[in-house]
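First comes the structure, then the notes that go with it.
Please treat every number below as a calculation from the coordinates, not as lab data. What you see is a predicted model, and the numbers here were worked out from it, not measured in a lab. Here the Cβ is made from the backbone with ideal geometry for all residues, glycine too, and neighbour counts use every protein chain on show.
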Amino acid sequence: MNFLAHAYLSFDRPDILVGNMISDFVKGKQKLNFTTGIQKGIALHRDIDSFTDHHEATKAAADLFRPVYRLYSAAFVDVVYDHYLANDSRYFTETSLFDFSQRVYNTLDKQYEVLPPRYQQMLPYMRKQNWLFNYRNRWGIANSFEGVVRRSTYLTESKMAFEIFESNFTQLQDLYDQFFPELRAYANGRLLELDGE
């Protein structure tokens, strides 16, 4: 799950952030249980995922993981994208990323009561281990890859995913560079559309 990208693409709007972060934990009509602003965040998250999955750069990145991880290849690409975003000087410095991560956790803590139960259980670990900040580090990516395996039904290891990441680091960086500015522009435009609906 690319938590950092979804947090960043909430454009500093607390209600959008909450919806964007919890979307994968909200099924079907459950979204109607939330405020209009949070529902917009849920919708934005799903639009971001669709744009990402259909982008040619993402398909090319997933192809690197697919021989080993098949249907889960895109999940590893999501994590990889967050590593490059965390290190992208166009959007973050080390200090600003740390400050951003704390703002995200504080916003989510303030809305703790409305978070889905599974997200409530996860949030303390996310904060204590500072997942959003530690996407900067390769060891943080290794840990996130292990998380993909834990949440999966069929995977048993992530060591090979990290080796694929390391051996294709420059190519994956280039694909991220092609992809992310387009995603940012799309998400910004889509949020304006949601505001107008």
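Please compute the net charge surrounding His83, taking Lys and Arg as +1 and Asp and Glu as -1 over other residues with Cβ under 12 Å from its Cβ.
Numbers: positive: Arg136, Arg138; negative: Asp78, Asp82, Asp88, Glu166.
Surrounding charge for His83 is -2.
Return a whole-number percent for the relative contact order of the chain, with Cα pairs under 8 Å and 6 or more residues apart as the contact set.
Value for the chain: 28 percent.
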Of the trypsin sites (Lys or Arg not before Pro) in region 67-145, those whose Cβ has at most 14 other Cβ within 10 Å and which sit in DSSP loop:
Arg90
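Enumerate by residue number the trypsin sites (Lys or Arg not before Pro) in region 18-62 meeting two conditions: DSSP loop (anything except H, G, I, E, B), and at most 10 other Cβ atoms within 10 Å of the site's Cβ. Write out the running numbers ahead of the final one.
On the way: sites: Lys27, Lys29, Lys31, Lys40, Arg46, Lys59; in loops: Lys27.
Loop-located and lightly packed - Lys27.
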Where does the chain land on the Kirkwood hydrodynamic radius, alpha-carbon pairs, in angstrom?
17.0 Å
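Give the value in nm², to one decimal: projected area of the alpha carbon convex hull of region 80-159, averaged over all directions. Before the final figure, lay out each step's value.
Numbers: hull surface 23.8 nm².
Taking the Cα atoms of region 80-159, their convex hull projects to 5.9 nm² on average.
Compute the length gained on full extension between Arg70 and Arg138: take 0.36 nm times their separation in residues and subtract their Cα-Cα distance, giving the result in nm to one decimal. Let's see the in-between values first.
On the way: separation 68, 0.36 × 68 = 24.48 nm, distance 2.27 nm.
So the chain would gain 22.2 nm between Arg70 and Arg138.
Would you compute, from DSSP H runs of 4+ residues alone, the mean residue ellipticity of the chain at 222 nm, taking -39500 (n - 2.57) per run and dividing by the full residue count, rounded to the nearest 500? Walk me through the numbers on the way to the answer.
On the way: 11 runs with 146 residues, N = 197.
Dividing the helical sum by the residues of the chain leaves -23500 deg cm²/dmol.
Give me the count of lysine pairs in region 3-196 whose alpha carbons sit under 21 angstrom apart, restricted to pairs 8 or more positions apart or on different chains.
Final tally of qualifying lysine pairs is 6.
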